[in-house]
Amino acid sequence: MTKTKQVNIMITQEEEQELLAYVKHQMISTGEIVTKSSVIRDAILRYIRNGKPDDEHVDDKQEPTKLPPETPSTNPFSDIKI
C-alpha cells in the first residue's frame, strides 16, 4: 500500500461554493462518485505535473507526452524535500 499524507488547505466560502458546484456537475456528467478531496487532489497534481496555472486549462484527454526538464528556476517546489 502506498503511503499517503493528509494536507489541509483553507478556502473562502465563495471558493467552497464553486467547488461544491463543480463536484455536483462532475457527479452528474460522469455518473461516478466524486468528492471534494478527489477534485482538489487532481487539480493540485495536474498543476504540479504541468507547471501551469489553472487558467491555462489542460484537457483530461490530452495528456502531455513528455514533461519539460525541471530546473530550479522553473520548479516552484524545488526547495521542498520529501
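Read-outs throughout are calculated quantities, based only on the coordinates presented, and are distinct from any laboratory measurement. All values derive from a computational prediction rather than experimental measurement.
For MET1 and THR30, calculate 0.36 nm times their separation in residues minus their Cα-Cα distance, and state this gained length in nm to one decimal.
Full extension of this stretch gives 7.7 nm more.
Along the range 40-46, what does the Karplus equation 6.51 cos²θ - 1.76 cosθ + 1.60 (θ = phi - 60°) give for ³J(HN,Hα), rounded to whole Hz, x for Gly and Pro?
Working through the residues one at a time gives 5, 4, 4, 5, 5, 5, 4 Hz.
What list of ³J(HN,Hα) couplings, whole Hz, do you get for the range 16-31 from phi and the Karplus terms 6.51, -1.76, 1.60, once you set θ to phi - 60° and write x for glycine and proline?
Along the range 16-31, the couplings run 5, 5, 4, 4, 4, 5, 5, 4, 4, 4, 5, 5, 5, 6, 9, x Hz.
Taking amide H positions as placed 1.01 Å from N in the peptide plane, with prolines and chain starts having none, which residues 5 or more places from GLY51, or on another chain, fall under 5 Å of its amide H?
Those qualifying (amide H under 5 Å, at least 5 residues apart or on another chain) number zero.
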